[in-house]
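Worksheet: one structure, shown below.
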Amino acid sequence: MTVEPVGFRPGLEGVPATQSAISNIDGQRGVLSYRGYRIDELAAHSSFLETAYLLIWGELPDPERLRNFQHSVQMHRRVSFRIRDMLKCFPAGGHPMDALQASAASLGLFYSNRALDDPEYISGAVVRLLAKIPTMLAAFQLIRRGQDPIQPRDDLPYASNFLYMLTEREPDPLAARIFDACLVLHAEHTLNASTFSARVTASTLTDPYAVVASAVGTLAGPLHGGANEDVLAMLEEIGSEDRVEAYLDGAIKEKRKVMGFGHREYRVKDPRATILQQLAETLFDRFGHDQMYDVARRLESVAADRLGPKGIYPNVDFYSGLVYRKLGIPTDLFTPVFAIARAAGWLAHWKEQLGANRIYRPTQIYTGYAERQWLPPESRSSDNGSPTG
Ligand code: ACO
C-alpha cells in the first residue's frame with residue numbers, strides 16, 4: 001500500500017497517531033474523561049482498581065467482577081526472592097524510576113510464555129503488573145535505606161498496602177483514600193509521550209513487561225512525569241510568597257519553563273490539578289499545613305496574569321508533589337508513584353493496540369548528505385567533526 005506523506009509536525013503536534021476509546025480530553029473546557037466518565041466523578045466515587053478495570057476492560061465492573069479483580073491483584077502482590085535480590089544489587093543512589101524500569105522489564109524473564117491471542121494471558125499479565133509494580137518499588141525504597149523489604153499485607157486494599165510497604169505503618173484511612181484518588185487521577189491521559197511509547201512497543205507484539213518498561217523510561221523525563229519532583233524543588237527555591245513575583249519575572253525573562261505549568265492539550269487549568277489542590281487542602285486540614293502550599297497558590301495567582309493569556313495554567317504535577325510529600329512519600333518516588341497509576345492506562349492501550357494492530361513505522365524527512373564517497377583515514381580532512389579533531 002502506498003501512503004502519501006503528510007506535512008512534518010515536530011512532536012507530532014496535532015497529528016492523530018491512533019484511534020482510541022479509552023480516554024478523552026476537552027482542553028478548552030478542562031474536562032478529562034475515562035471511557036466516558038468524568039475524572040472528578042471517578043476520583044470522588046471510584047477506587048483505583050475499579051478505575052483500572054474500567055480503563056482496561058471498557059466497562060465498570062459489577063460487584064462480583066470487581067471482587068474477583070481485587071482478589072486476583074491481591075494474590076499476585078508478592079515478588080520472587082530473585083527480584084528482591086536483583087533490587088539489592090542496584091546502586092542505592094540510583095533513581096527509583098530506573099529501578100522500576102529495570103524491575104518491570106525483569107518480569108518478562110519470569111513470565112516468558114508470551115501468548116498475545118490468549119485472553120487468560122492478557123488478564124494474567126494485567127493483574128501481575130498492577131500487583132507487582134508497587135511491591136517492587138516499595139522494596140527498592142526500603143533496600144536503598146539499608147532495610148529488608150516487607151511483604152505486602154493481603155488484608156489491605158491497594159493504596160493502603162502500598163503506603164504500608166513504603167512506610168512500614170498502616171496508613172490513616174483518610175490518607176489512604178486520598179492516595180487512592182491520586183492514583184485514579186494519574187491512571188490515564190490519552191496519547192501522551194509515555195503512552196505513545198507503550199503503543200509503539202506494543203505494536204511490535206513484544207511482551208507487556210517490555211511495553212510497561214519502555215513507558216516507564218519515557219515517563220521519567222522532566223518534561224513529562226519528572227516535572228512533579230522539579231515543582232517541589234522550585235517551590236523550595238522560591239522559599240516564600242513575597243519572592244514569587246521576582247522568581248516568575250526572572251523565569252519569563254530568561255525563558256525558563258515554570259515547572260508544573262503548561263500542557264499541550266489544555267488551554268485552561270488541568271482538571272486534575274483542581275482536584276489535587278482540593279485533596280491537598282483536605283490533607284493539610286487534617287495533618288497540618290505545608291507552607292509551600294502558600295507559595296504554590298501565590299505562584300498560580302501571579303502566573304494567571306503573566307502566563308494565563310498564553311493558555312498556560314497549572315498541570316497535574318503542580319499540586320501532586322505537595323500531596324505526596326504530606327503522605328510521607330519521598331520526592332524521588334513521586335514519578336514512580338505516577339507510574340504505578342499510569343500502568344493502568346498503559347495496559348489499556350496495550351490491549352487496545354493488540355485489538356487492531358499495525359506496527360508503528362512513521363517516515364522521516366531526510367536532511368543529511370546526498371551520496372558521498374568513502375575515503376581512507378589518511379585522505380580525510382582534519383575538520384571532519386570527530387570529537388578528537
Ligand atoms: N513556563 C513558562 N512558559 C511556558 C511553559 C511553562 N511551564 N510551558 C510553555 N511555555 C511557553 C513556552 O515558552 C512557549 O512560549 P513562546 O511561544 O513564547 O516560545 C509556549 O508557551 C509554548 O510552549 P511549548 O513548550 O511549545 O508548549 P508544549 O505544548 O510543547 O509544552 C510542556 C508542553 C512540555 C508540558 C511545557 O508546558 C513544559 O515544559 N512545562 C513544564 C514542565 C511540566 O510541567 N511538565 C509536566 C507536564 S504534565 C505531564 O506530563 C504529566
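Derivation of every value follows stated rules applied to the coordinates shown; laboratory data play no part. Computed from a predicted structure; not experimentally measured. Cβ placement follows ideal geometry from the backbone for every residue including glycine, while neighbour counts extend to all protein chains displayed.
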So the FRET efficiency between R358 and Q151, C-beta based with R0 = 30 Å and rounded to 0.05, is 0.10
Using a basic spin-label model with each label point 7 Å from the Cα along Cα→Cβ, how many nm lie between W57 and E265? 2.4
Can you give me the three principal axis dimensions of the chain from its C-alpha atoms, in Å, biggest first? 72, 58, 45
Put +1 on the Cβ of every Lys and Arg and -1 on every Asp and Glu Cβ in the chain; which of T331, T218, G36 then has its Cα farthest towards the positive end of the dipole? T218
Using 1/(1 + (r/R0)^6) with R0 = 30 angstrom and r between the beta carbons of T190 and A233, what's the FRET efficiency to the nearest 0.05? 0.60
Relative to the Cα centre, what is the charge dipole magnitude of the chain, using +1 at the beta carbon of each Lys and Arg, -1 at the beta carbon of each Asp and Glu, and rounding to the nearest 20 debye? 540
So F287 and A44, fully extended at 0.36 nm per residue minus their Cα-Cα distance, gain in nm 85.5 nm
Please identify every one of the trypsin sites (Lys or Arg not before Pro) in region 7-71 that sits in a loop by DSSP and has no more than 16 other beta carbons within 10 Å of its own beta carbon. R29
Cβ crowding within 10 Å averaged over residues, with 68-78, 281-291 ranked highest first: 68-78, 281-291
Computed on Cα atoms, the radius of gyration and Dmax of region 116-236 in angstrom are 16.3, 50
Compute the orientation-averaged projected area for region 268-389 from the convex hull of its Cα atoms and round it to one decimal in nm². 15.7
If I take all pairs of Cα atoms in region 102-155, what percentage of them are more than 12 Å from each other? 70
Around A99: net Lys/Arg minus Asp/Glu count, Cβ-Cβ under 14 Å: +2
Percent of Cα-Cα pairs per 5 Å bin, from 0 to the last occupied bin, for region 1-148, please list those. 2, 7, 13, 13, 14, 14, 14, 12, 6, 3, 1, 0
Go ahead and estimate [θ] at 222 nm for the chain from helices alone: -39,500 (n - 2.57) per DSSP H run with n ≥ 4, summed, over the residue count, rounded to 500. -17500 deg cm²/dmol
Report Rg/Rh for region 227-326, rounded to two decimals, where Rg is the Cα radius of gyration and Rh the Kirkwood radius. 0.94
